[in-house]
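Written below as structure tokens is the structure these notes are about.
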Amino acid sequence: MKKIVITGGAGFIGSHIVDHFVEQYPDAQITVLDKMTYAADIQNILHHIENKRIKLCVHDVRNLDKCLETLDGADLLIHAAAESHVDNSFGNSLEFSKTNVLGTHALMEAALKASVPRILHISTDEVYGEILEGRVDESARLQPTNPYSASKAAADMIISGYRQSFNLPVITVRSNNIFGVRQFPEKILPKFLMLMMTGQKLTIHGTGENKRHFLAAQDLCAALDLLVQKGEIGEIYNIGTTDEYKNIEVAHMICDIFGKDPEEFITYIEDRPFNDARYAISWDPITALGWAPKHFLKDELGNLARWYAENFERYAEEGQSKVQQPKAA
């Protein structure tokens, strides 16, 4: 493989994908296409840039000409760029449609014109909507329940149209919540860790009974690499884990890491307009290829807390109190 293009590669998930593919494909030219919004950070990939292992192109995926330019000669496109924070989508939904829908459309049009032979599109399990019991497979109907998941479902439909009409060689990936270092502290894990480090209370939406599955970024990257090698063009692959926790359980785990009393450090706030009780997927097709999750939140949470403590200044706001170190990290 001579050239790999990764959109959103300076963000949380994207930078982990960059790490993995730089290591696994040392002879490939890797190009990152990123708009560099608030959730991206040059520090995530700076060492790769300095070592001349990757090229960074700061452009918007909605710009067809720039996408065409970037994809010229590409053997593989991994599309990870997206607006992804559900809370933000309630107040800024048009921006989500612009990036996730129009951006994906422009990128797929460019990939078609550039004749990219293999594309991985990273979607989300949230497109299936709320799953109160059991699990759904890749054939389940899309029933998004918020502006974010609706924009991702719309992107999936655009890709489906390009597959049917033009035989665009796309594999769609729908994964559980991803966790790991470098995640911007708007999502529950880094947000709670940062709150705890500054002596603030952990804010739980509603009752805290909502459940989420947590998949390690390393496990997602391993799945993507496997799909590059063995995935069937045109198929959808769920990437999941059995690692499921209620939000209140996550808050208790983080209190425990810092040796704090949950009764004192957890508070409840008004729930968002709609908050899915649970997402749940099955992932037999990727399992059949030989993949399985290897990293689990309970084992990784201490190391995650330590990383955010060591990199506190990246995300700290002026006036925040001195960082409190995790006790059990």
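We did not get these values from a lab; they are worked out from the coordinates using the rules stated. Quick caveat: nothing in here was measured; it's all calculated off a predicted structure. Here the Cβ is made from the backbone with ideal geometry for all residues, glycine too, and neighbour counts use every protein chain on show.
Histogrammed with a bin width of 10 Å, the alpha carbon distances of the stretch 261-310 distribute as 15, 22, 39, 20, 4 percent, first bin at zero. If you line up the long axis of helix 217-230 against the longest principal axis of the chain, both from Cα atoms, how many degrees apart are they, to the nearest 10? The helix 217-230 is inclined about 20 degrees to the chain. For the set Lys35/Lys113; Lys298/Lys327; Lys66/Lys98; Lys98/Lys152; Lys35/Lys98; Lys2/Lys55, the pairs lying more than 18 angstrom apart at their alpha carbons are Lys35/Lys113. When peptides 187-199, 228-240, 271-283 are ranked by their average number of other Cβ atoms within 10 Å per residue, the highest-first order is 187-199, 228-240, 271-283. For the stretch 180-257, pairs of C-alpha atoms spaced more than 19 angstrom apart make up 49 percent of the total. Measuring spread by the Cα atoms of the stretch 126-223 yields a radius of gyration and Dmax of 16.7, 55 Å.
Phi angles of the stretch 25-40 translate, via the Karplus equation with coefficients 6.51, -1.76, 1.60 and θ = phi - 60°, into HN-Hα couplings of 10, x, 8, 8, 7, 10, 10, 9, 10, 8, 6, 6, 6, 4, 7, 8 Hz per residue; Gly and Pro are given as x. Using the alpha-carbon atoms, what tilt in degrees (0 to 90, nearest 10) does helix 103-113 show relative to the longest principal axis of the chain? The angle comes out near 30 degrees. Remark: the stretch 53-66, residue by residue, has Karplus-estimated 3J(HN,Hα) of 8, 9, 10, 9, 10, 8, 8, 8, 5, 6, 8, 4, 4, 5 Hz, where x stands for each Gly or Pro and the curve is 6.51 cos²θ - 1.76 cosθ + 1.60 at θ = phi - 60°. On the principal axes of its alpha-carbon atoms, the chain has extents of 57, 46, 39 Å, going from largest to smallest.
The long axis of helix 188-197 is offset from the longest Cα principal axis of the chain by roughly 40 degrees. All other residues with a Cβ under 12 Å from the Cβ of Gly206 taken together, and with Lys, Arg as +1 and Asp, Glu as -1, what is their net charge? That sum, taken over residues with Cβ under 12 Å, equals -2. In this structure, the amide hydrogen of Ile266, modeled 1.01 Å from its nitrogen in the peptide plane, lies closer than 5 angstrom to those of Leu202, counting only residues at least 5 positions away or on a different chain. Around the amide H of Gln29, modelled in the peptide plane, lie the amide H atoms of Lys3, Ile4, all under 5 Å away and 5 or more residues distant in sequence or on another chain. Shown for the stretch 154-278: lysine pairs separated by 8 or more places, or found on different chains, whose C-alpha atoms are under 16 Å apart, numbering 7. In this structure, the amide hydrogen of Ile78, modeled 1.01 Å from its nitrogen in the peptide plane, lies closer than 5 angstrom to those of Val5, Ile6, Thr7, Leu120, counting only residues at least 5 positions away or on a different chain.
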